[in-house]
Structure formats: C-alpha cells, structure tokens
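The values are calculated or read from the model by the stated rules, or taken from the named source; none is laboratory data. What you see is a predicted model, and the numbers here were worked out from it, not measured in a lab. Backbone-built Cβ (ideal geometry, glycine too); neighbour counts: all protein chains shown.
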Amino acid sequence: MRGIIVSAIIGFNYFIGVYYGVVQAIYSALLAIALVVILQHISRVRYAPFRDLEKRSEMPPVSILIPARNEKTIIIRSVESALAMNYPWVEVIVINDGSTDGMLETLISRYALRRIDPLYRDMIKTRMVKGFYYTSRIPNLLVVDKENGGKADAINCGINVCKSPYICVQDADSILERDALIRLVTPLVQSEIPVIASGGVVRVLNGTKHKDGVVTSIELSKSTLVCFQVVEYLRSFLFGRVGLDTMNLNLVISGTFSFFQKAAVITVGGFAHDNVTEDMELIVRLHKHYRFKRIPYRIRFVSDPICWTEVPETMRMLGRQRRRWQLGLIQTLWKHKTALLNPRYGRVGMLAMPYNVFIEMISPLIEFTGYIVIPLSCYFGMINYDYFMLFLGLAVAYGIFLSAMGIFLEEITFRRYPKWTDLFKLLLYAVFENFGYRQVNAFWRFQAFFQFLFGKQRWEYSRQLRKSEKKANAA
C-alpha cells in the first residue's frame, strides 16, 4: 500500500511541474500580447473623436437594462449613472424583479412615475409583467414591474421591452463612467465584422467617493479584503481578457457591464435560467451558434470603458461570490462540453474551451490537492528541500510578477489610481495575496465542484434570497 501511495505522489509531483510550466507559459504569452495591444489601443484612443461621436445621430441607439431586486438603497444611484451617459440616444430600463423592500415605490416617488399600459410582446418567455411606469419629464426612462424570476428572467424581460438594436446590461450596484458607453460602442461601429457582444473593464467602487451617479474621487478602501480584490480585478481585466480578445477567444464578459446585439441574443433564445453565471453561458452559446452557422462575428473586450462596482467586504460574502463564479463556469463548460476539442467550432472549440477547462476550471482542484500532497511528500521523505523551496519561490515570484504587471498596465494607461501611495499599497497587496488569500480562494473554488456534483447548484442563492426577503418584510 505504501508503494502505491509513493508512486501516486511521485506521479502527481511530475504532473504538477509540467502543468505549472504550461500554465505560466500561456499566462506569459497573454501578458505579452496584452501589453502590445493596450499600448496600441491607448495610442488610437488619444486621437479618437469621442467628443464628436457623442453627438452623432448615426451612432446606434442603446438600451441600458438594470435588473434589480431589493436594491432600494442604491437603485437611484445606478439610474442616475445610466441617465448621465454621454451618448446620442440612450434608453434606460429598470426591471424590478419582484422586490419586497419598497424599491419600486422609491423609483416612483423619486421620478414622479405614473403607470402606463404599452404594447408588450414576450419574444422571450418570462415571468408575468405586472406594470410599466413612465414620466414625460424623463422620456428615456422606463420602469418595469414583474414577478420574481431571477436575473436572467429580468434581463430577458428588458430585452422584450427595449426599442434599441443594442442592449447594455448594468448591475444595480454599479456606476458607469460617463463616456463608458461611447468608448464601448466606437470599436463596434468601426469594425468591418459584426460585433455581437462586448464588455469593458470593471473596477472596485468600494472606497471611492461618488455623487449623483458619478465617481468624483478615487481612493483605495481601508479594507484589506477589498484591496486584494482591486489587485485581482486589475490582473484579470488588463491582461487575461485583452490577450484572449485578440484571437476572438473570450468566453467571459462580465455581467456587471456587458453589451449585446439584441437580435443575436434573441436568435439564441435569450439569457438562460439554469446557470448561476448567465452572462458566460450566453457568450459560449453565441460563439457556438455563429461558429456552427459559419457567420462572421466578433465578441470584443474593450480595455478603456470603465464600470465601477461594489465588491464583497466580508469573507462570507466573498466566498459565496467565488463559489458562484466557479460553479457557473463548471455548469457552462459541462452544458457545452460537445464543443470541447471539436474542430467544427474552430478556435473556440480547439483553444478557448480547452483553456477554460484545463486552466480556469481544473486549476483549483490541482492547487488544493497540492496542499494535501506536499505534507504527504514530506512525511514519506520524498521532497528535496532545496528543489522544493526553489520551486515555491519561483511560483510565488511569478504570481507577484503577474499582479505587478496588471498594476503597471493600469499606471501606464488609464491611471485611475493617481496617488503614488495607492500604487505602492497595491504592489504590497500583490505580494501578500500569495500568502493566505490565494489559498482561501482556491478552497472556495474547490468547494464549487462539490456543489456541482451533489446538485446544490442554487442552494446558497436561494438561502440568501430567503434571508433578504425576511429582512425586507421585517423592515
């Protein structure tokens, strides 16, 4: 028995060495591509006629959809942000998904809305719509009241209602920068290939100062947990997605701030109800449909439109978020497993799907298993201490390097954190996240596999929903 265990540990250690080398090589390639692409993009942006385009009538109309449930305290901030867009024609639609905290009444009171009965066609089937609210003082604002059906159902309802050929989905706890939409749409109208979906950069709102839906001052939060997430967001958005975008291989566009061609979304049936990360599932479905039909298309990530969003400030809520993200990734890849290594879907099947399966999905399993195997290796006297320390030092150093490069890209491009003290703090957090924070994240993502395997795929969401309803009813 001892011999079997020893052989298994040796084999796993060799596998870890090869796996780590391949992953870091891929990350290095994405980083190099991102550095070149971002610098070229910033050079073009400096001469882009954004101020002229803001008033051009030929810019396509866009509907900003804000699905919301029990967001009474922050919904006005989000609506003000959407209404303040520097864009020729914007329609703002708030979808009240069965709130019980008085959110609908807050909107009606703030904007003096009155109930109307417009023609409604449910091209995508949703839960029952109970009413529409409108005011002639703000003709581009519409509030839809419907039965609770979840975020995907609320977005689908907004798609049915909106009049524009393009939709922008904004989370209720987010704030868009005033030129975010014009920056997101400009590459679309300049592209020779139809762009059916795109996304921008999401930054951490916690710690910033804002007024009337506009961020007025950018500062780091005093919360260590929030600052770790700032580093994560910079690393994720400024080289991972930029690198994949060059090859049209992005399978993830943040649902916090996403943009779609309405006709494309309706063609594939709208947002799915059976996935906890409905945004990723829709992107994969769009890729498959257009690849299968051999229709030219692009799904873009644009590195300068900014959306500020609130992130969890407690370990409990952060754990729920990370388990949900990982669970949604597993659900999506499992649902569309026929595309994996399938040449029928081109680069999506041969590159994007394997990347997400063997790196994004499998990595927490391998990492967390490593935390078990290493002590066993020590117990059986199978680790060369000098080699192990060298390997560990290189792994930590490279992780710090990737995070530091994300901060560096932020500094040479957009400089949303203008204070040198803030940049220095971010660099420190880029170091310290490797000692505890990263391991806890791996554990949360590891837990998501058990939620998937044992069918608890909506358990945390349902429990949290019930608690919020009880809290709202008590208030």
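Among the residues of the range 83-133, which ones are farther than 27 Å from E58 by Cβ, touching a Leu at 6+ places or on another chain (Cβ under 8 Å) and either small (G, A, S) or not in a helix (DSSP H, G or I) (or both)?
Answer for the range 83-133, where residues must be farther than 27 Å from E58 by Cβ, touching a Leu at 6+ places or on another chain (Cβ under 8 Å) and either small (G, A, S) or not in a helix (DSSP H, G or I) (or both): V94, I95, N96, L113, F132, Y133.
What about S164, is it surrounded by fewer than 22 Cβ atoms within 10 Å (Cβ to Cβ), in contact (Cβ under 8 Å) with a residue 40 or more places away in the chain and hydroxyl-bearing (S, T, Y)?
When the stated conditions are applied, S164 passes them.
For the range 204-220, which residues satisfy the criterion of being surrounded by fewer than 16 Cβ atoms within 10 Å (Cβ to Cβ) and assigned to a loop (DSSP other than H, G, I, E, B)?
Of everything in the range 204-220, those that are surrounded by fewer than 16 Cβ atoms within 10 Å (Cβ to Cβ) and assigned to a loop (DSSP other than H, G, I, E, B) turn out to be D212, E219.
Is one or more of the residues making up the range 39-47 at pLDDT below 85 and in a loop (DSSP other than H, G, I, E, B)?
yes
For the range 186-196, which residues satisfy the criterion of being in a helix (DSSP H, G or I) and either within 13 Å of F257 (Cα to Cα) or touching a Lys or Arg at 6+ places or on another chain (Cβ under 8 Å) (or both)?
Listed by number, the residues that qualify are P187, L188.
Quick check, is A272 out of contact with any helix residue (DSSP H, G or I) (no Cβ under 7 Å at 6 or more places or on another chain), under 25 Å from K151 (Cα atoms) and modelled with pLDDT of 90 or more?
no
Scan the range 193-203 for residues that are among the β-branched types (V, I, T) and surrounded by fewer than 24 Cβ atoms within 10 Å (Cβ to Cβ) and jot them down.
Once the filter is applied, which keeps residues that are among the β-branched types (V, I, T) and surrounded by fewer than 24 Cβ atoms within 10 Å (Cβ to Cβ), the range 193-203 yields I193, V195, V202.
V226 fails exactly one of the following numbered conditions: (1) surrounded by fewer than 23 Cβ atoms within 10 Å (Cβ to Cβ); (2) over 19 Å from the mean Cα position of the chain (by Cα). What is the number of that condition?
For V226, the exception is condition (2).
Test S57 against the stated conditions and say whether it is out of contact with any His (no Cβ under 8 Å at 6 or more places or on another chain), of a type in the set (S, T, N, Q) and at pLDDT 90 or above.
No.
Evaluate the following for I407: is it touching a helix residue (DSSP H, G or I) at 6+ places or on another chain (Cβ under 9 Å), modelled with pLDDT of 75 or more, of a type outside the set (G, A, S) and closer than 30 Å to T208 by Cα?
yes
Per-residue answers, yes or no, for (1) on the phi > 0 side of the Ramachandran plot; (2) surrounded by 20 or more Cβ atoms within 10 Å (Cβ to Cβ); (3) modelled with pLDDT of 95 or more:
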| site | (1), (2), (3) |
| --- | --- |
| M103 | no, yes, yes |
| N148 | no, no, yes |
| A152 | no, yes, yes |
| V169 | no, yes, yes |
| I182 | no, yes, no |
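Could you tell me whether any residue of the range 255-274 is outside any helix (DSSP H, G or I), basic (K, R) and either without any contact (Cβ under 8 Å) to a residue 40 or more places away in the chain or in contact with a Pro (Cβ under 6 Å, 6 or more places away or on another chain) (or both)?
No, that holds for no residue.
Are any of the residues in the range 108-126 of a type in the set (S, T, Y), farther than 21 Å from E281 by Cα and under 28 Å from the mean Cα position of the chain (by Cα)?
Within the range 108-126, not a single residue is of a type in the set (S, T, Y), farther than 21 Å from E281 by Cα and under 28 Å from the mean Cα position of the chain (by Cα).
For the range 110-119, enumerate the residues that are at pLDDT 85 or above, of a type outside the set (D, E, K, R) and surrounded by fewer than 12 Cβ atoms within 10 Å (Cβ to Cβ).
Across the range 110-119, the qualifying residues are A112, I116.
Listed here are the residues, each with its yes/no results for (1) in contact with a strand residue (DSSP E or B) (Cβ under 9 Å, 6 or more places away or on another chain); (2) buried (at least 22 other Cβ atoms within 10 Å of the Cβ); (3) assigned to a helix (DSSP H, G or I).
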site: H289; (1), (2), (3): no, no, yes
site: P296; (1), (2), (3): no, no, no
site: C307; (1), (2), (3): yes, yes, no
site: E313; (1), (2), (3): no, no, no
site: R316; (1), (2), (3): no, no, yes
site: Q321; (1), (2), (3): no, no, yes
site: Q326; (1), (2), (3): no, yes, yes
site: R347; (1), (2), (3): no, no, yes
site: Y355; (1), (2), (3): no, no, yes
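Does T338 count as of a type outside the set (F, W, Y) and surrounded by fewer than 13 Cβ atoms within 10 Å (Cβ to Cβ)?
Here the answer is yes, as T338 does meet what is asked.
Which number in (1) among the aliphatic types (A, V, I, L, M); (2) free of Cβ contacts under 8 Å to residues at least 24 places away in the same chain; (3) under 17 Å from G150 (Cα atoms) marks the one condition that M317 misses?
Of (1) among the aliphatic types (A, V, I, L, M); (2) free of Cβ contacts under 8 Å to residues at least 24 places away in the same chain; (3) under 17 Å from G150 (Cα atoms), only one is false for M317: (3).
Is there a residue in the range 132-143 that is surrounded by 23 or more Cβ atoms within 10 Å (Cβ to Cβ), at pLDDT 95 or above and touching a strand residue (DSSP E or B) at 6+ places or on another chain (Cβ under 6 Å)?
Yes - at least one qualifying residue is present in the range 132-143.
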